[in-house]
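A short write-up of the structure that comes next.
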Amino acid sequence: MSQNPLVDANFVSLSAVLLKRFWLLLITTTMLGAVALYAVQLSTPERYQAVAVVSLTDWQTERLTRRDDPADKNPANVGGASADDMSRALVLLKDPALFHAVERSADAKQLSVEHKRRGNLVTLKWTSNSAQSAETELALLLQQWDQRWRQQFIQQKQQQLHTMQQLSSDAPVQQLQQLQFELAYAQQAEPFALQQLQSPKASEQSLRPALWLMVVFGALLGFSCTFILLMLWRL
């Protein structure tokens, strides 16, 4: 699509007039924009992010995989119980008490979770005011999560065992032994359900944009807004 040379010439001419007449105003607003965003940046606290990758322990994976139909050879279905169990366990990360156990002022906004629907691999990202605190707090969060998972598992198995013993005096011995074994394992296993494929690691670089970048952006913003307003005023 061809452009109108007359329009281009008028735009260039008007721009030159505005730059010549209002150069002091443009310089002033450019500096004000840079200073404003510089001040905003200084008032924004530093934020650092730690990343960890976790999966189910081998014992948990084997225990859950046994639920699958041995005749089912579809890779999309085999091991689906492990993925489902991880999805259910992720609900525990929505409990505010879990974050308060890490830090009194901590909340869910500091955590982001990536979990593939048919897998048990989970990536967790935790933000804090320093690289060291981000790593420490994420490690503590993983520990608390694993402990909550253990407590929930023990309660479920104890209830199953109690129900089985109360309702059926001739309960299958093998099933009773399996429940008792899982309870004993859950009480002493460390970790219980989560193995860390990547321990919490934080970058030394802050998530906050560099000061010089904010200064440049503020200067461009101040100049552009003033120039556009002047252009509209003259038109």
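Below, the figures for the structure above:
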quantity: Where labels lie 7 Å past Cα in the beta-carbon direction, separation of Leu32 and Lys109 in nm; calculated: 3.0
quantity: Ranking by accessible area, most exposed first, for Ser82, Ser105 with a 1.4 Å probe; calculated: Ser105, Ser82
quantity: List Arg118, Arg148, ordered by accessible area with a 1.4 Å probe, largest first; calculated: Arg118, Arg148
quantity: Semi-axes of the equivalent ellipsoid for region 80-235, Cα gyration tensor, largest first, Å; calculated: 52, 17, 13
quantity: Size of charge dipole - region 100-235 - debye, nearest 20, with Cβ of Lys, Arg +1 and Asp, Glu -1, no other charges; calculated: 580
quantity: Over 20 Å (Cα to Cα) - which of Lys125/Lys201; Lys94/Lys125; Lys94/Lys201 fall in this group; calculated: Lys94/Lys201
quantity: Whole-percent carbon and sulfur share, accessible surface of region 85-216, 1.4 Å; calculated: 50
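The values are calculated or read from the model by the stated rules, or taken from the named source; none is laboratory data. Keep in mind it's a predicted model, so treat the numbers as computed, not measured. All Cβ positions, even for glycine, are placed from backbone atoms using ideal geometry, and neighbour counts span all protein chains on display. All accessible areas refer to the heavy atoms of the entire protein, side chains included, with ligands and DNA or RNA removed. Shrake-Rupley method; radii C 1.70, N 1.55, O 1.52, S 1.80 Å.
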